[in-house]
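The values are calculated or read from the model by the stated rules, or taken from the named source; none is laboratory data. For clarity, every value in this text was computed on a predicted model and none was experimentally measured. Quick reminder, even Gly has a Cβ in these numbers, built from the backbone with ideal geometry, and neighbours come from all protein chains shown. Heavy atoms of the whole protein, side chains included, go into the accessibility calculation; ligands, DNA and RNA do not. Shrake-Rupley method; radii C 1.70, N 1.55, O 1.52, S 1.80 Å.
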Amino acid sequence: PNQVEAIRSAHDISVQGQHVPKPVLKFENCLLDDKLLSNLLEFGFSRPTPIQMQALPAALAGRDIFALAPTSSGKTISFLVPMITHCLSLAKMYGDIYRSGPLGLILAPTRELATQIEEVAKKLAKGLPHMRSALLIGGMPIPNQLYRLKRGVQILIGTPGRVIELLNHHKDALKLDTIKMVVLDEVDMMFKLGFNEQVARILNSLVDPGIRQTCFYSATSESEKSMQKACNKHMRDSIKIRIGKSPS
Ligand code: ADP
Ligand code: MG
């Protein structure tokens with residue numbers, strides 16, 4: 001236990017919550033799929049960043065997370081690797097799963113951020129069977145998005161506005177009841193841009209917290225308290241992770 005504390009304090013990781021998994025110092029210790037691990041190493045990432053050290057094992061264990069870490073600290077990998085891993089393990093259990101509906105949903109506040117996340121997801125999933133994503137953002141033709149949804153995808157990446165629009169007008173194409181893991185990226189920006197209600201509506205249209213996994217990622221923010229209060233409604237038995245010195 002002291003060793004775990006030493007690792008956390010050496011990397012400015014603080015945690016709150018019940019039974020928080022140990023941080024990992026190497027990607028190799030995460031029991032990842034071989035191909036996923038080699039794709040990760042191909043990025044040139046030899047070792048996890050502090051947020052990845054703690055958020056990866058927690059998210060891989062299926063836990064709900066509220067994570068605060070500075071910009072450019074590597075948050076994207078810390079939710080994409082667990083999401084792809086969950087998809088792979090379901091595919092191993094049930095075979096060709098992409099016809100049964102998407103398993104993962106990632107919401108980002110802007111088109112650009114959603115697009116960047118999808119690019120990383122594609123690189124990580126390169127060569128993995130049954131891994132398809134759909135980008136649900138404004139400014140792109142809805143018919144193309146509907147076509148991809150109909151072909152079957154595992155991971156949806158979108159902005160709240162377009163997801164709501166699809167829920168309102170294309171309910172048959174966008175079914176969210178199969179979503180097992182939902183990620184909200186850049187929560188602070190999401191709130192600043194006024195997406196609170198749209199986000200709450202999307203989260204409330206999924207299976208209940210406790211059945212699904214819910215992970216919130218934010219840059220460190222002044223409005224941490226109110227943000228966390230809003231997020232807590234959508235999580236169960238969550239783990240809070242903070243990277244950096246706590247505000248005093
Ligand atoms: P954040 O979402 O926290 O702002 P990103 O996930 O966008 O950060 O990552 C920031 C940069 O760090 C990206 O260029 C990414 O490729 C790089 N990066 C992520 N993880 C690692 C790692 N383990 N080792 C080295 N670079 C990394
Ligand atoms: Mg980010």
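With both partners inside the chain, how many of the DSSP beta bridges are antiparallel, as a percent to the nearest 5?
Values: 4 of 29 bridges.
About 15 percent, rounded to the nearest 5.
Size descriptor for segment 123-248, Kirkwood hydrodynamic radius: 16.1 Å (Cα pairs only, one decimal). Rounded to the nearest 10 degrees, the angle from helix 111-124 to the longest Cα principal axis of the chain is 80 degrees.
Counting Lys and Arg as +1 and Asp and Glu as -1 over every other residue whose Cβ lies under 9 Å from the Cβ of His19, the net charge comes to 0.
Stretch Glu5-Asn144 to full length: gain in nm at 0.36 nm per residue minus the Cα-Cα span?
Difference between extended and current length: 45.1 nm.
For the chain, the orientation-averaged shadow of the C-alpha convex hull comes to 12.8 nm² (one quarter of the hull surface). With Cα atoms defining each centre, segment 214-248 and segment 1-68 are spaced 17 Å apart in the structure. Across Arg236, Arg8, the residue with the most accessible area heads the list, and the full order at a 1.4 Å probe is Arg236, Arg8. Using alpha carbons only, how many degrees (0 to 90, rounded to 10) separate the axis of helix 160-169 from the longest principal axis of the chain? Approximately 30 degrees, to the nearest ten.
Counting only protein heavy atoms and using a 1.4 Å probe, what share of the accessible area of the chain belongs to carbon plus sulfur, as a whole percent? Walk me through the numbers before you get to the answer.
Values: 6220 of 11890 Å².
Exposed carbon and sulfur together represent 52 percent of the surface.
For the chain, what's the relative contact order in percent, using C-alpha pairs closer than 8 Å and at least 6 residues apart? Walk me through the numbers before you get to the answer.
Values: 416 pairs, mean separation 72.3, N = 248.
Here the relative contact order equals 29 percent.
Solvent-accessible surface of segment 63-125, averaged per residue with a 1.4 angstrom probe and all protein chains in place: 38 square angstrom.
Rounded to the nearest 10 degrees, the inclination of helix 50-60 to the longest alpha-carbon principal axis of the chain is 60 degrees.
Take Ser100: with every protein chain present and a 1.4 Å probe, its accessible area is about 70 Å².
When the solvent-accessible surface of protein heavy atoms is calculated with a 1.4 angstrom probe, in what order do Tyr217, Tyr147 fall, highest first? Show your work: numbers first, answer last.
Numbers: Tyr217 0, Tyr147 145 Å².
Final ranking, largest accessible area leading: Tyr147, Tyr217.
Determine the order of Glu165, Glu224 by accessible area, beginning with the largest, at a probe radius of 1.4 Å.
Listed by decreasing accessible area, they come as Glu165, Glu224.
Can you tell me the length gained on complete extension of the stretch Asn204 to Thr115, counting 0.36 nm per residue apart and subtracting the Cα distance?
Between Asn204 and Thr115, full extension yields 29.6 nm more.
Counting charges near Met140 (Lys, Arg +1; Asp, Glu -1) among other residues having Cβ under 15 Å from its Cβ returns a value of -1.
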